[in-house]
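These notes are about the structure you will find just below.
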Amino acid sequence: MDTKIKELQFENFIWIDICQPNKAHLDSIAKDYNLDLFQIDDSLQFGHLPKFEKLDQYNFLILRAFTADINDRITNIKELSNKIAFFYNSNKIITIHRSEFAFFENVPSKIVDAEELLVYIIHKMMNTFVEPANILSDKIDEIEEIIFLKDNSRVSLEDLYYQKSHTRISKKLLQITQNVINQIEVNEASKTALQDIKDQLLHLILQYDEVWEDSNNLLNTYLSVNSQRSNNIMKLLTVFSAFFLPLTFIVGVYGMNFENMPELKWKSGYFMALGLMVVIAVIIYFWFKRKKIM
């Protein structure tokens, strides 16, 4: 995709938004606005974690917004989210990002300063984590219902693993983001809005933490239920073996047909052998009942 550069002049500051940047454009921006080249490199890195640096002429901030599909098989932060890099001071704010963000299209024109715009964008970025948290929570409830009330064979262990991974990565990213946002200082007019973001972050971290614990417990429960199911099958096979082993032994003895086996000549030998088998089966049955195995 081609680089898109958008400049919006507000009443007290200018906003420069750069989407799909290349090194040449960023070097030019760095030269025009005296930006640090190392921070420019940071803004180009795909998987850079959130960070905040306070300099004499401007502040540098990197945050990440949730951009993945909730059904994606996610294993790392780069797949889960995309970042926005901010260079800002009282006169201007520069945003650098690779992905398109819908909330950039409807920025209120009544924003009075750069810090208010910064807080507005951060708020929209944190909102991207809300719906995935709710969906993950609903999925965990659905899987729990299937395990306990329906057929647990319908549960995919692989899907459960990726939901755990999804939740774990989101939680870690939010914790890092919380630490970064706690370092940001804004003017008095934006402090209330920034505090709302901090409260929302705390709520999201607690929500993802709850989903993480539920998914862990659910995975352990799923394994326990499957283990119990295997134990029940083995128990059933053991009971059948206990019944048929002595009966098979009797059949095997009298199926050898040696010459010197007087029982083979008995007139009622066949019925006596059947009776012996029935007696043994009854004894085994009552022994199992007494031991509460059946």
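Rule-based calculations on the coordinates, nothing more; no lab input. From a predicted model like this one, the values you see are computed outputs, not experimental measurements. Cβ: placed from backbone, ideal geometry, glycine included. Neighbour counts: every protein chain shown.
How big is the charge dipole of the chain about its Cα centre, in debye rounded to the nearest 20, if each Lys and Arg gets +1 on its Cβ and each Asp and Glu gets -1 on its Cβ?
Numbers: 31 positive and 38 negative charges, 439 e Å.
For this selection, approximately 2100 debye.
Overall dimensions of the stretch 229-290, expressed as equivalent-ellipsoid semi-axes from the Cα gyration tensor (√(5λ), whole Å, largest first), are 30, 14, 6.
Computed from Cα positions, the angle between helix 130-149 and the longest principal axis of the chain comes to roughly 10 degrees. Working note: Karplus 6.51/-1.76/1.60 with θ = phi - 60° gives the stretch 232-240 the couplings 5, 5, 5, 5, 5, 5, 5, 4, 4 Hz, where Gly and Pro are set to x.
The GluC sites (Glu not before Pro) of the stretch 182-256 that meet both conditions, a loop assignment by DSSP and at most 12 other Cβ atoms within 10 Å of the site Cβ, are GLU185.
For the residues TRP15, TRP266, TRP212, a GNM of the chain with alpha-carbon springs under 10 Å puts the largest fluctuation on TRP266. Distant-in-sequence amide contacts of ALA68, defined by a placed amide H-H separation under 5 Å and a gap of 5 or more residues or a different chain, comprise nothing.
Compute the signed sum of charges (Lys and Arg +1, Asp and Glu -1) over the other residues within less than 11 Å, Cβ to Cβ, of THR167. Numbers along the way, then the final one.
Values: positive: LYS139, LYS164, ARG168, LYS171, LYS172; negative: ASP209, GLU210, GLU213, ASP214.
Summing Lys/Arg as +1 and Asp/Glu as -1 gives +1.
How high is the FRET efficiency from LYS265 to THR238, r the C-beta distance, R0 35 Å, rounded to 0.05? Before the final figure, lay out each step's value.
Values: r = 37 Å, r/R0 = 1.06.
After rounding to 0.05, the efficiency reads 0.40.
Note on the chain: helix-only mean residue ellipticity at 222 nm, from DSSP H runs of 4+ residues weighted -39500 (n - 2.57) and normalised by residue number, equals -20000 deg cm²/dmol.
The ellipsoid equivalent to the alpha-carbon distribution of the stretch 25-176 has semi-axes of 38, 16, 11 angstrom, derived from the gyration tensor eigenvalues as √(5λ) and listed largest first.
How long is the gain from VAL107 to GLU11 if the chain were fully straight, where each residue apart is worth 0.36 nm and the alpha carbon distance is subtracted? Each step should come with its number before you reach the end.
Numbers: separation 96, 0.36 × 96 = 34.56 nm, distance 1.40 nm.
Roughly 33.2 nm would be gained on extension.
Candidate cross-link partners of LYS78 among the lysines, defined by an alpha-carbon separation under 24 Å and a same-chain spacing of 8 or more, comprise LYS4, LYS23, LYS51, LYS124, LYS139, LYS164, LYS171, LYS172, LYS198. Put in order of Cβ neighbour count within 10 Å, fewest first, the listed residues LEU201, LEU223 become LEU223, LEU201.
What translational D, rounded to a whole number of µm²/s, comes out for the stretch 151-294 from Stokes-Einstein when the hydrodynamic radius is the Kirkwood one over Cα pairs, at 10 °C and 1.306 mPa s?
Details: Rh = 22.0 Å.
Using the Kirkwood radius from Cα pairs, D works out to 72 µm²/s.
Using the Karplus relation 6.51 cos²θ - 1.76 cosθ + 1.60 with θ = phi - 60°, the per-residue 3J(HN,Hα) values for the stretch 247-258 come to 5, 5, 4, 4, 4, x, 4, 7, x, 7, 6, 6 Hz, with x marking Gly and Pro. Derived scalar couplings between HN and Hα for the stretch 207-222 equal 5, 5, 5, 5, 5, 4, 5, 5, 5, 5, 4, 5, 5, 5, 5, 4 Hz in order, rounded to whole Hz, by the Karplus curve 6.51 cos²θ - 1.76 cosθ + 1.60 (θ = phi - 60°), x for Gly and Pro.
To make sure I understand, if each residue's beta carbon is the centre and we count other beta carbons within 10 Å, what order do MET125, MET234 fall in, fewest to most? Walk me through the numbers on the way to the answer.
Working: MET125 21, MET234 10.
If I rank by nearby Cβ atoms, fewest first, I get MET234, MET125.
Summing charges over neighbours of ILE77, with a neighbour being any other residue whose Cβ is under 9 Å away from its Cβ, gives +2 when K and R count +1 and D and E count -1.
Exposure proxy check: THR128, THR167 ranked by fewest other beta carbons within 10 Å? Walk me through the intermediate numbers first.
Working: THR128 18, THR167 27.
Neighbour counts put them in this order, fewest first: THR128, THR167.
From largest to smallest, the equivalent ellipsoid semi-axes obtained for the stretch 1-50 from the alpha-carbon gyration tensor read 20, 14, 12 Å. Averaging 1/r over each pair of different alpha-carbon atoms in the chain and inverting the result gives 24.5 Å, the Kirkwood hydrodynamic radius.
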